[in-house]
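Worksheet for the structure shown next.
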Number of protein chains: 2
Amino acid sequence: MKTSIKQLYQNTENFSDKDIIINGWIRTNRGSKHFGFIEVNDGTYFKGVQVVYEEDIDNFSQISKLTIATAITVRGKFILTPDSKQAFEIKADEIKIEASADSSYPLQKKRHTLEYLRTIAHLRPRSNTFSAVFRVRSLVAYAVHQFFQERDFVYTHTPIITASDAEGAGEMFHVTTLDLKNPPKNERGDIDFSKDFFDKATNLTVSGQLEAEAFALAFQKVYTFGPTFRAENSNTARHAAEFWMIEPEIAFADLNDDMELAEDMIKYVINYLLVNAAEEMNFFNSFINKGLLDKLNNIVNSDFAHITYTEAIDILTKAKKEFQYPVSWGMDLQTEHERYIAEEVYKKPVFVTDYPKDIKAFYMRLNDDEKTVAAMDLLVPGVGEIIGGSQREERHDILLERMSAVGLNSEDYWWYLELRKYGGVKHAGFGLGFERAIMYMTGMENIRDVLPFPRTVGNAEF
Amino acid sequence: MKTSIKQLYQNTENFSDKDIIINGWIRTNRGSKHFGFIEVNDGTYFKGVQVVYEEDIDNFSQISKLTIATAITVRGKFILTPDSKQAFEIKADEIKIEASADSSYPLQKKRHTLEYLRTIAHLRPRSNTFSAVFRVRSLVAYAVHQFFQERDFVYTHTPIITASDAEGAGEMFHVTTLDLKNPPKNERGDIDFSKDFFDKATNLTVSGQLEAEAFALAFQKVYTFGPTFRAENSNTARHAAEFWMIEPEIAFADLNDDMELAEDMIKYVINYLLVNAAEEMNFFNSFINKGLLDKLNNIVNSDFAHITYTEAIDILTKAKKEFQYPVSWGMDLQTEHERYIAEEVYKKPVFVTDYPKDIKAFYMRLNDDEKTVAAMDLLVPGVGEIIGGSQREERHDILLERMSAVGLNSEDYWWYLELRKYGGVKHAGFGLGFERAIMYMTGMENIRDVLPFPRTVGNAEF
């Protein structure tokens, strides 16, 4: 019976003394004169299975020399070994070579630095760390979909190529089919974008929010989950030029509904992970970030705290702590401030709301004090901000004023403004950077190590 | 009790005579002197609910004049009406206006052309047709994830920005942060891409397949689901510059396994849709494409046929039918040929395999006849090709020869070639264009009408 290694771990008893067939790649091979052990991993499960072979097997001497990464098919008997370190093993009747592996294989059984592994991004998912990271990434993505679909949210594919700039400020990548060497120019000597593919200048999106708002005003509950881009020249462990973002948007909803949704989503996803990636999470907890499981369990079991920005400034001002960035009302909170509030004061996730309007985007709803907006950031211990959201400005005239105040051309946003004229009820949403969430849930500290093939300043390899 | 309209339809009996609260937007309002009827849609369900209000309600005269698209909250009693056209209605105690709608609202209750509705893409999801299309789109996306996740596939986010060209031929969009007006040039007068964001020339991806292969050789079963791009100057009903693609890749697998996976996936997704979008599918069947449900049921209940390309050419040669493109071995099949085979000969989906190597991509596995490759296309009645896939060339030397024959620089593909040296076992995969699948399953005939905000030649609005 052909089976996967995942099935062997999940239905161990059922396979006892059965003849089975597995496929996989050799992780280790310790051959001696009369017998040997191969650890096989087939990619379906974090752990592999031990295969025992003895000298009476066909091609014994060839098998005992098989190198790491060789692809094999194993036919043999599944045997429970309750007295051993591993719970079971396969006693091989036949080992067939499916594809050989050159001895130059760079992922030999020894510790490699994460930096080195980035240079072999096509092979690193075969290592323990990256096999865990990328399976968790897949499971978290699915948990996000499941969370929203169970609640009747409509998954909306907002455009990647766009002629607008949702944040009004992001540094963007140009998208063009013009001949870069000899672009067409108009009479004034400017690039003639009417000759470009879309008849105008276009960029890669920084957010699908504005389009998601249009859909939320039809479906009430929608979410996006797709790639977004920043052409920021930031060579840090937390910045990538290309990353995935989740942006739910809900109508007939205010900032409180928005925070409730964010809290529910975070807890749902972490729970899903703890149940469906137990092996991987134990690995991260043991080898990548000690205390990770305590941290995540704490999140699942906490009621998140709520404070206003003004209260946060008050707490920071009174703090017996020297900050690098001095604290005053009107400033943007820095990571050191965010972490102090979440880690040292509340020791759990904290929503900070009602930020000064001048440090937030034009589309956030102006509060009655006319100084602050209905924005929220979720701060978590160990990281700082992980989610940013807001109630949107649904009042046509105030939105128009805000756009003009920040220098946006309202004609470019005609359709966004029009949404406010036709049943543009109160609505709200937030953005969760998918990679930052994965970093948080795995303890991985560099965004390059949670993206399959990261794109950062100076790097678009593979 | 606050509820959604979806819940009213799904648990109708439970709400009988209960006091309920719903939110939604007015679709029609027929007020008379002493009473009126409002049809409310809240976006959670294809259908709306009828609200009856009488003259004793607060603000009766204002309510009877409420315009289409006004957002309201209705408090009232839920009443079963077994003798009426609709199974239930809400007898309103209170109707509260949440957001007004200007009378210029362009989606009045009359038929609009699909062409016109494209010009108001921010409002069209509020129409019956597009509410159905975009909910189906969301459900199909989720069904795809569910299909693969249930089978332990790892969802792999392959890069959008890339320095390579997976097909070796696609017309691609440049991605750059260079000043297009005054780009830096090198001594030879060429653009100096070492000054660009990624230190080299980059494009938008046409396929994640090559990177997916790397992950399949670690996880055995992976899939991608993300946006892909073609800068083709094709102004047809089937071409968009930006579309989503699903690309599974499986290791220890040959072309037969690949076809089995494709057939299972198509059937799974259609079944999911028939169960979870029954209202929408009935709408499409009645108003968009008569016979749609028969067509889809036929697919779910058929065993897909299998023929080789050579057999297909034979069938076409003997056909008592005049084709626009004459038939001969070595030619690429045109849509007219594909449809003849699927619609008239087999009357069900047909896999065509083993195409001439010269009309297929370099990475497809060379058959022993050295003339054909282990490729497959799935042809379906009414459309023609909907899936294209292949077993991949896993033999290092033959792959190298094929790359050189088509003029690719093997150094650019060093990592792809290296996969063949380290346990590069037989593997296969396919690509499904997500929008083409949605068109097929809804009967919509223009790709612009299944993309929320389509990007086509000359168009990047919204």
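The values are calculated or read from the model by the stated rules, or taken from the named source; none is laboratory data. In this text, all values refer to a predicted model and were calculated from it rather than measured experimentally. Glycine also receives a Cβ, built like all others from the backbone with ideal geometry; neighbour counts cover every protein chain displayed.
Any idea which of B:Thr119, B:Thr113, B:Thr162 is among the hydroxyl-bearing types (Ser, Thr, Tyr) and within 8 Å of another protein chain (Cβ to nearest Cβ)? Don't jump to the end; show me each part of the working.
Details: B:Thr119 fails: within 8 Å of another protein chain (Cβ to nearest Cβ); B:Thr113 fails: within 8 Å of another protein chain (Cβ to nearest Cβ).
Only one candidate passes the filter, namely B:Thr162.
Looking at B:Ile315, B:Ile341, B:Ile270 in this structure, which one is in contact (Cβ under 8 Å) with a residue 24 or more places away in the chain, more than 25 Å from B:Leu139 (Cβ to Cβ) and within 27 Å of the chain's Cα centre (by Cα)? Step through it out loud before you land on a result.
Numbers: B:Ile315 fails: within 27 Å of the chain's Cα centre (by Cα); B:Ile270 fails: more than 25 Å from B:Leu139 (Cβ to Cβ).
Of B:Ile315, B:Ile341, B:Ile270, the one residue that is in contact (Cβ under 8 Å) with a residue 24 or more places away in the chain, more than 25 Å from B:Leu139 (Cβ to Cβ) and within 27 Å of the chain's Cα centre (by Cα) is B:Ile341.
From the list B:Tyr105, B:Tyr9, B:Tyr53, which residue is assigned to a loop (DSSP other than H, G, I, E, B) and not small (Gly, Ala, Ser)? Full working, then the answer.
Working: B:Tyr9 fails: assigned to a loop (DSSP other than H, G, I, E, B); B:Tyr53 fails: assigned to a loop (DSSP other than H, G, I, E, B).
It is B:Tyr105.
Can you tell me which condition A:Ser302 does not meet? The list is (1) under 30 Å from A:Phe134 (Cβ atoms); (2) out of contact with any Lys or Arg (no Cβ under 6 Å at 6 or more places or on another chain), and all the others hold.
Unmet for A:Ser302, out of (1) under 30 Å from A:Phe134 (Cβ atoms); (2) out of contact with any Lys or Arg (no Cβ under 6 Å at 6 or more places or on another chain): (2).
Cβ contacts < 8 Å: first residue over 13 Å from A:Asn459 (Cα atoms), restricted to the stretch A:224-246; second residue hydroxyl-bearing (Ser, Thr, Tyr) and assigned to a loop (DSSP other than H, G, I, E, B), any location; separation 6+ or different chain. Result?
Pairs found: A:Thr224/A:Thr156; A:Thr224/A:Thr158; A:Gly226/A:Thr158; A:Thr228/A:Thr205; A:Thr228/A:Ser207; A:Phe229/A:Thr205; A:Met245/A:Ser207.
Can you go through A:Lys96, A:Lys91 and tell me which one is of a type in the set (D, E, K, R), within 14 Å of chain B (Cβ to nearest Cβ) and either more than 30 Å from A:Met439 (Cβ to Cβ) or not in a loop (DSSP other than H, G, I, E, B) (or both)?
Values: A:Lys91 fails: within 14 Å of chain B (Cβ to nearest Cβ).
Within the list A:Lys96, A:Lys91, the selection yields A:Lys96.
Name the one entry in A:Gly24, A:Gly36 that is more than 12 Å from chain B (Cβ to nearest Cβ) and at pLDDT 95 or above.
Among A:Gly24, A:Gly36, only A:Gly36 is more than 12 Å from chain B (Cβ to nearest Cβ) and at pLDDT 95 or above.
So which of B:Asp152, B:Asp58 ends up being touching a residue at least 12 places away in the same chain (Cβ under 8 Å), in a loop (DSSP other than H, G, I, E, B) and more than 14 Å from every other protein chain (Cβ to nearest Cβ)?
B:Asp58
Working only within the stretch A:296-310, note down all residues that are within 11 Å of A:Glu263 (Cα to Cα) and buried (at least 17 other Cβ atoms within 10 Å of the Cβ).
Selection gives A:Ile299, A:Phe304.
If B:Glu336 satisfies every condition in (1) over 14 Å from B:Thr308 (Cβ atoms); (2) without any contact (Cβ under 8 Å) to a residue 60 or more places away in the chain; (3) out of contact with any strand residue (DSSP E or B) (no Cβ under 9 Å at 6 or more places or on another chain) but one, which is the exception?
Exception for B:Glu336: condition (3).
Pick out the one residue from B:Thr28, B:Thr44, B:Thr67 that is among the polar types (S, T, N, Q), surrounded by fewer than 22 Cβ atoms within 10 Å (Cβ to Cβ), in a loop (DSSP other than H, G, I, E, B) and touching a residue at least 12 places away in the same chain (Cβ under 8 Å). Spell out the reasoning first.
On the way: B:Thr28 fails: in a loop (DSSP other than H, G, I, E, B); B:Thr44 fails: surrounded by fewer than 22 Cβ atoms within 10 Å (Cβ to Cβ).
None of the other options fit; the residue is B:Thr67.
Within 7 Å of chain A (Cβ to nearest Cβ) and closer than 30 Å to A:Ile68 by Cβ: which single residue out of B:Phe215, B:Phe198 fits that description? Outline the logic, then answer.
On the way: B:Phe198 fails: closer than 30 Å to A:Ile68 by Cβ.
Among B:Phe215, B:Phe198, only B:Phe215 is within 7 Å of chain A (Cβ to nearest Cβ) and closer than 30 Å to A:Ile68 by Cβ.
Identify, by number, the condition in (1) surrounded by 22 or more Cβ atoms within 10 Å (Cβ to Cβ); (2) in contact with a Gly (Cβ under 8 Å, 6 or more places away or on another chain); (3) more than 9 Å from every other protein chain (Cβ to nearest Cβ) that A:Arg230 doesn't meet.
A:Arg230 satisfies all of (1) surrounded by 22 or more Cβ atoms within 10 Å (Cβ to Cβ); (2) in contact with a Gly (Cβ under 8 Å, 6 or more places away or on another chain); (3) more than 9 Å from every other protein chain (Cβ to nearest Cβ) except (1).
Taking the conditions exactly as written (acidic (Asp, Glu), under 17 Å from A:His427 (Cα atoms) and either without any contact (Cβ under 8 Å) to a residue 40 or more places away in the chain or not assigned by the TED database to the domain that holds A:Asp303 (or both)), does A:Glu401 satisfy them or not? Show your work before the answer.
Working: acidic (Asp, Glu): yes; under 17 Å from A:His427 (Cα atoms): no; either without any contact (Cβ under 8 Å) to a residue 40 or more places away in the chain or not assigned by the TED database to the domain that holds A:Asp303 (or both): yes.
Spelling it out, it is not the case that A:Glu401 is acidic (Asp, Glu), under 17 Å from A:His427 (Cα atoms) and either without any contact (Cβ under 8 Å) to a residue 40 or more places away in the chain or not assigned by the TED database to the domain that holds A:Asp303 (or both).
Give the stretch B:351-409 a look and list any residue that's among the acidic types (Asp, Glu), surrounded by fewer than 21 Cβ atoms within 10 Å (Cβ to Cβ) and at negative phi, or say none.
The answer is B:Asp358, B:Asp368, B:Asp369, B:Glu385, B:Asp397, B:Glu401.
Is it the case that some residue within the stretch B:15-26 is out of contact with any strand residue (DSSP E or B) (no Cβ under 7 Å at 6 or more places or on another chain) and among the aromatic types (Phe, Trp, Tyr)? It would help to see each step written out before you state the result.
Taking the stretch B:15-26 as the starting set, the residues that turn out to be out of contact with any strand residue (DSSP E or B) (no Cβ under 7 Å at 6 or more places or on another chain) are none.
No; the residues of the stretch B:15-26 include none that is out of contact with any strand residue (DSSP E or B) (no Cβ under 7 Å at 6 or more places or on another chain) and among the aromatic types (Phe, Trp, Tyr).
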